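The values are calculated or read from the model by the stated rules, or taken from the named source; none is laboratory data. Quick caveat, the model's predicted, so the values are computed rather than measured. As a convention, Cβ positions derive from the backbone with ideal geometry for all residues, glycine included, and neighbour counts pool all protein chains shown.
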């Protein structure tokens, strides 16, 4: 935790839920080297569970403008049976943001590979939520020997990328990120992400905003948007070699529910499971049920 900026540490002190506090206190950092920069990247992650366990390790990937904290409620469901990991993707969460380095899907994938090689170095079950699902698909297609099974939670990756990034010229880029930084806007997004508004507590809002205190948050978000972000993998999905579990909240108001059927129709070896009475984040809203489905699958 000593690697966190003072602003992040201050926000951590405002957390009230035991699960959130415990998870933040488990955050560690490692140095990851890549080919796209000569600098090493201070990378944030959480790891728990028996390292001697013979079960395949599980690695969780978070969504857009989020962090590994979105797995704070589901994470404890796995540690008795599996070594369990969550990592902040390059350009996101509490992972270090570098000056003058483009944040793109390719950079995210390479950073993730070298994190895996540095910290885990054995085949994994890869779990991606929302944008993390697109990152997981991209990774599984490129490194099939690394990913033993794939799990997608309300996954992106079925829709074309946006061209909006080319219009993000100063000062519009800063205006856009300042808008996204607004507590009111972030609360509205949270209310839309959950099916049940009671989950949008002060603690949940702090967890969803902790990474905003990281240096160069705005610059990285602008850089990723200008890269075009993740587009559609519809044409590549037929090449997925991994058995895939598709988990989807039946009340998802962020991506809707149609994409779940599209993934089901294209991925060769898959199982679609609906999480009832859940929105876009079943791992936060229904962590026990979501974890049970994952454990049954693996």
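Observations on the model:
- Residue 66 fulfils the conditions (1) part of a helix (DSSP H, G or I); (2) out of contact with any strand residue (DSSP E or B) (no Cβ under 7 Å at 6 or more places or on another chain); (3) under 19 Å from residue 210 (Cα atoms) except for a single criterion, (1).
- Contact map, region 239-260: first residue modelled with pLDDT under 95, second residue assigned to a strand (DSSP E or B) and surrounded by fewer than 16 Cβ atoms within 10 Å (Cβ to Cβ), Cβ cut-off under 8 Å, separation 6 or more or different chains; the map is empty.
- Residue 100, sole failed condition from (1) without any contact (Cβ under 8 Å) to a residue 60 or more places away in the chain; (2) on the phi < 0 side of the Ramachandran plot; (3) surrounded by fewer than 23 Cβ atoms within 10 Å (Cβ to Cβ); (4) part of a loop (DSSP other than H, G, I, E, B): (2)
- Criterion: in contact with a strand residue (DSSP E or B) (Cβ under 8 Å, 6 or more places away or on another chain), at pLDDT below 95 and either crowded, with 17+ Cβ neighbours inside 10 Å or more than 17 Å from residue 157 (Cα to Cα) (or both) - qualifying residue of 289, 275, 298, 294: 298
- Test: residue in region 231-240 that is under 28 Å from residue 27 (Cα atoms) and out of contact with any helix residue (DSSP H, G or I) (no Cβ under 7 Å at 6 or more places or on another chain): no
- Listed by first and then second residue, the pairs linking a residue in region 185-204 that is at negative phi and without any contact (Cβ under 8 Å) to a residue 60 or more places away in the chain to a residue that is crowded, with 17+ Cβ neighbours inside 10 Å and not in a helix (DSSP H, G or I), with Cβ atoms under 7 Å apart and 6 or more places separating them unless they lie on different chains, are 187/200; 190/200; 191/200; 200/194.
- Condition met for residue 264 (surrounded by fewer than 14 Cβ atoms within 10 Å (Cβ to Cβ), at pLDDT 95 or above and part of a helix (DSSP H, G or I)): no
- Output for region 241-261, where each listed residue is part of a loop (DSSP other than H, G, I, E, B), within 24 Å of residue 195 (Cβ to Cβ) and out of contact with any helix residue (DSSP H, G or I) (no Cβ under 7 Å at 6 or more places or on another chain): 250, 251, 252, 255, 256, 257
- Of all residues in region 69-81, those satisfying the criterion of being assigned to a loop (DSSP other than H, G, I, E, B) and crowded, with 22+ Cβ neighbours inside 10 Å are 72, 73, 74, 78.
- When region 214-233 is filtered for residues that are surrounded by fewer than 21 Cβ atoms within 10 Å (Cβ to Cβ) and within 27 Å of residue 195 (Cβ to Cβ), the ones remaining, listed by number, are 229, 232.
- Index of the failed condition, residue 180 passing every other in (1) within 21 Å of residue 92 (Cα to Cα); (2) modelled with pLDDT of 90 or more; (3) surrounded by fewer than 17 Cβ atoms within 10 Å (Cβ to Cβ): (2)
- Within region 106-140, tally of residues that are touching a helix residue (DSSP H, G or I) at 6+ places or on another chain (Cβ under 6 Å) and surrounded by fewer than 20 Cβ atoms within 10 Å (Cβ to Cβ): 1
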